[in-house]
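To start, the structure under review is shown below, and the notes come after it.
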Amino acid sequence: MRHVIGIGLAIGLAAAVFFAASWGYVRLLQVPVVNGGASTLPAQGGELLHNTNVLYAFAAVAGTGLLAGIFIAVQQVSPLAAGLPGLVLIAWTVVYGFSVRRAVHYIPLRGDSFGAGFEAMLINGVLAAVGLALVVPLFMPSRWRGRPAATNAAGAGETQVLEPTTISPLGNDDWTQTAPYQQNDPGQ
């Protein structure tokens, strides 16, 4: 059930990357003109912290990054939640490497700021970097297993989460039964 929910979360993360991050990225990516005209600078060349357009765009990009970071880091979330959108972003970047026209042709809503931002992130390599970060949980075997639960002896329907145990590399966790290492004295 955890992985089915992970597929739903993956669809949500993919939508957040396409709509929120793309919209914010295209708003933040305003290249100034060569002569330094103030109208093309972000916030018209003024302070960025007092411009709501810049703050909303930054919040969209940062919120998407925070959501992706939670999906990558939290052990209880299925690795599919971050891995599936990551695989799609890597595949889209590979298609872009082989055929730019085909990769750009398949971007939906290219006339809107969502599609324009997604295209800008694809061209600048941001999607490749994000995709590589998102697929990391797919390669961790511990992320594929759920946490074991044991039934509580006091309550029939209650469950408790077992804490992970540490096992030493030597396989012996009880060091009280070990003997000291005997050294030979070279003078004897």
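So in segment 111-123, with the set limited to residues that are out of contact with any Leu (no Cβ under 8 Å at 6 or more places or on another chain), in a helix (DSSP H, G or I) and open to solvent by 10 Å² or more (accessible area, probe 1.4 Å), which one is modelled with the lowest pLDDT?
The selected residue is Ser113.
Check segment 117-137 and report whether any residue there is β-branched (Val, Ile, Thr), without any contact (Cβ under 8 Å) to a residue 60 or more places away in the chain and under 25 Å from Leu9 (Cβ atoms). Checked segment 117-137: at least one residue is β-branched (Val, Ile, Thr), without any contact (Cβ under 8 Å) to a residue 60 or more places away in the chain and under 25 Å from Leu9 (Cβ atoms).
The values are calculated or read from the model by the stated rules, or taken from the named source; none is laboratory data. Just so it is clear, the model here is predicted, and its values are computed rather than measured. Heads up, the Cβs are rebuilt from the backbone with ideal geometry, glycines too, and the neighbour counts pull from every protein chain shown. We work out accessible area using only protein heavy atoms, side chains counted, and drop any ligands, DNA or RNA first. Shrake-Rupley method; radii C 1.70, N 1.55, O 1.52, S 1.80 Å.
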